[in-house]
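Working notes for the structure below.
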Amino acid sequence: MKSLSSVGDWFAQLQSRERVIVVAGAAIVVIAAIYMALLPGIEKAAELEQRYQVLQADLQWLEEQGVTVGRLGNRCLGKTLQKGSDADVITLMLRRNQLKLISLAEQTQSTYRVSLESANANRILQLVHQLACQGLNINTLEISPTATTGMSFAATMEVQNVE
């Protein structure tokens with residue numbers, strides 16, 4: 001209380017021009033302190049509003065893509081896995097698709113290099129899908145027209161069991 005009265009006495013001894021300067025300075029300090037206290041909250045609110053707008057746009061885009069994603073569903077449902085070794089399954093799938101097996105070599109445990117030929121490139125792609133449905137992963141796939149006739153296609157792929 002004593003220090004407050006001494007500040008009051010000091011302020012009373014000032015000339016009116018000095019009092020105006022001190023009051024104006026104190027008001028500026030108070031306004032600056034309030035601004036500095038509120039600034040982080042205002043910036044955070046603006047940042048959160050911007051992030052909200054981005055997330056809303058992403059959500060709207062995802063909802064628009066729902067129809068497309070529905071069409072990309074897994075077509076392997078209901079298909080039974082073939083029994084036997086991976087090499088047997090690969091050979092069986094090749095025969096079912098009427099593809100000519102050139103070579104089937106085991107590179108590492110559960111990884112095979114398969115070379116084949118077909119008159120129709122779509123049959124090769126059907127084979128890739130069927131192998132994927134059997135739990136086999138196609139690591140690499142190269143399809144090219146054969147050099148001799150150009151009417152058939154040669155494919156080389158690396159197949160790996162993902163289980």
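Please give, to one decimal in nm, the separation of the simple spin-label points placed at residue 103 and residue 52, each 7 Å out from Cα toward the Cβ. About 6.4 nm, to one decimal.
Using a probe of 1.4 angstrom and keeping all protein chains present, the accessible surface of the chain works out to 74 square angstrom per residue.
Charges were assigned to the Cβ only: +1 to each Lys and Arg, -1 to each Asp and Glu. The resulting dipole of the chain about its Cα centre is roughly 300 debye. The order of the peptides 57-65, 89-97 by mean Cβ neighbours within 10 Å, most packed first, is 89-97, 57-65.
The values are calculated or read from the model by the stated rules, or taken from the named source; none is laboratory data. This one's a predicted model, so the numbers in the text were calculated from it and none came from an experiment. Quick reminder, even Gly has a Cβ in these numbers, built from the backbone with ideal geometry, and neighbours come from all protein chains shown. For accessibility, only protein heavy atoms count, side chains too; no ligands or nucleic acids. Shrake-Rupley method; radii C 1.70, N 1.55, O 1.52, S 1.80 Å.
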